[in-house]
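Worksheet: one structure, shown below.
Readers should treat all values here as calculations from the given coordinates under stated rules, not as data from a laboratory. Everything numeric here is computed off the predicted structure, so don't read it as measured data. Cβ: placed from backbone, ideal geometry, glycine included. Neighbour counts: every protein chain shown.
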Amino acid sequence: MRIDRVEISNFHGIEKVSFNLHPGVTVLLGNNAAGKSAVLDSLAVLAGSYFLGVDGINSLAIKKSDARQERRIQTDGSTELSYYLPCALHADGQIHDQALSWGRELETIEGNTRKGNARALEQLSTKVHQSIVKGERVVRPFIAYYSAARLGSQKRQTRNQNEKLKDISAGYVSTLEKEGSLWRSQAWFAGLQGRALLGIASAREIYEETKRRLLNLFKHIEHPLVDMFYDGEAQKIFVRFEGSDSFTPLEFLSSGYLSVMAMSMDIVYRIFALNPHLGVEVFQRTTGIALIDELDMHLHPKWQGRFVDDLRETFPGLQFIVATHSPFVIQGLRHCYIIDMDKNELRQVGDHVKKSISEVAEDYMNMDEVERSPYFIEQVNAAEDYYTLLKTTDKTNLQDVEAAKKKLDDYEVRYDRDPAFIGLLRAERNASGLDKKE
């Protein structure tokens, strides 16, 4: 499953926008209240429309409170709440190797969300679900939403929730809810470890691959995690840091570690729950959509710069659509789309952004008068002096020319750690003819 384009009208604070989405990673940027979370919420409704054809799984509806609204002051000083309708969402994408267009719409405040525009998607997902009920092996898409509340708000474990773990569509249970459910993936991991120790089928191979994928997200940080296991007596997951001989309870980890582990374990669990027949190939062959709000939440800047690449490497089949406020995340991006919600503009990123943090803040995050480092200010002043020397030096006065050339040489030596900067200076110097011998 993949969404290639989305159109949103009168949803939350959004009047009307449309965006193309990258098949790998799309990053939403913008000021607070620019609409990043609203876009993610709308995509959750659109992606969740797949559940219209899956028994026992509820799709998200457009609620009355989702419609764009404003409170107007009347002449007598009272206020009146006005809604803007229709509240409409539309997507173009690829599902089960078929190109599809679908949408959801709320036409009246007291009405229900229309699903007529999602009929083709509903019929396709119904057909797929029925074939799975019959025992056919079909690859189902991953769909999940990780909100900013994913760590602080945990869904309570109940008997009913435990029973749902046994359903063939367990990988879709609560997948779009904004509360987390770490206990669900922990229970699955514990069961997988037990089967691996007993040598049942290919459980050992899957268990080792699962651990490798999870730990892959922690290998580039300052204190990597190198091992993990479930302790049945303590009924907890324990992890081991590189260089340590002991294990630490997962719950004792910092918020950054815990946030990443909770989300990645949930992704792994759902991928395997949806397509267990794929075995260790499940990561390569399962496609789908992961929506993540506040991607940088709780992460150190060094980790933020690596995290998107590590996610793509760990889960190569997924389309990630994420929101962030971090210039460090932006600095580390490559081969993706960036959507500027403030300017309603899409920017394509090639190999790397290749900009300093201050440049990212100005060019991508619309920040004015960013405080620069002393080195940067010094370099700017040096460039101005360099260009001034090229333009004002009297080329007929050999003494002035030699003094200028010595000063230019000093600048080139001082800033030789910046090859692009030096290359530009030398190009301007060559063009000036200052070194030309008469």
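Put one equal scatterer on each alpha carbon of segment 58-106, apply the Debye formula with no solvent term, and list log10 I(q)/I(0) at q = 0.15, 0.21, 0.22 1/Å to two decimals. Here the Debye-derived log intensity ratios amount to -0.58, -0.82, -0.86. In this Cβ point-charge picture (+1 for Lys and Arg, -1 for Asp and Glu), the chain has a dipole of about 1580 debye about its Cα centre. Only aspartates and glutamates eight or more places from Lys134 in sequence, or on another chain, were considered; those with a Cα closer than 18 Å are Asp55, Asp167. If one takes the longest principal axis of the Cα atoms in the chain, at what angle in degrees, from 0 to 90 and to the nearest 10, does the Cα axis of helix 203-216 lie? Approximately 30 degrees, to the nearest ten. Against the chain, whose longest principal axis is taken from its Cα atoms, helix 301-314 shows a tilt of about 50°. DSSP finds beta bridges in the chain, and of those with both partners inside it, around 70 percent are antiparallel. Between Gly135, Ser174, Gln69, the Cα set farthest toward the positive side of the dipole of the chain (charges on each charged residue's Cβ, about the Cα centre) is that of Gly135. The simple spin-label model puts a point 7 Å past each Cα toward its Cβ; for Thr126 and Asp4 those points are separated by 2.6 nm. Among 417-428, 203-214, sorting by the average number of other beta carbon atoms lying within 10 angstrom of each residue, highest first, gives 203-214, 417-428. Relative to the longest principal axis of the Cα atoms of the chain, the long axis of helix 36-48 makes an angle of roughly 40 degrees.
Simple spin-label estimate for Lys178 and Leu85 gives 2.4 nm between the two label positions (7 Å along the Cα-to-Cβ direction from each Cα).
For the chain, the pair-distance distribution built from all alpha carbon pairs, in bins 10 Å wide starting at 0, is 4, 18, 24, 21, 14, 9, 6, 3, 1, 0 percent.
Listed by chain and number, the lysines whose alpha-carbon sits under 27 Å from that of Lys354, ignoring those within fewer than 8 places in the same chain, are Lys36, Lys219, Lys302, Lys343. What does the C-alpha gyration tensor say about the overall shape of segment 17-85? Classify as rounded when a/c is under 1.5, otherwise prolate if a/b is larger than b/c, or oblate. Oblate.
For Arg114, the residues 5 or more places off, or on other chains, whose built amide H falls under 5 Å of its own are Glu105, Leu106, Glu107. Among His90, His335, the order by Cβ neighbours within 10 angstrom, fewest to most, reads His335, His90. Across all C-alpha atoms in segment 374-432, the radius of gyration and Dmax reach 11.4, 36 Å.
Applying 1/(1 + (r/R0)^6) with R0 = 45 Å to the Cβ-Cβ distance of His220 and Asp394 gives a FRET efficiency near 0.25. When the chain is treated as a GNM with alpha-carbon contacts under 10 Å, the residue of Lys134, Lys391, Lys354 showing the greatest mean-square fluctuation is Lys391.
Helical runs assigned H by DSSP (4 residues or longer) give the chain a calculated mean residue ellipticity at 222 nm of -12000 deg cm²/dmol, each run adding -39500 (n - 2.57) before division by the residue total. As a calculated quantity, the FRET efficiency between Thr108 and Ile422 at R0 = 45 Å, using C-beta atoms, amounts to about 0.10. Ignoring lysines fewer than eight residues from Lys127 along the same chain, the ones with Cα atoms less than 27 angstrom from its Cα are Lys115, Lys164, Lys166. Going toward the positive end of the dipole of segment 374-432, with +1 on Lys and Arg Cβ and -1 on Asp and Glu Cβ, which of Asn430, Gln379, Leu389 do you reach last? Of the candidates, Asn430 comes out farthest on the positive side. Which one of Gln193, Gln331, Gln379 has the biggest mean-square fluctuation once the chain is modelled by GNM with Cα springs under 10 Å? In this elastic network of the chain, the residue with the biggest mean-square fluctuation among Gln193, Gln331, Gln379 is Gln379.
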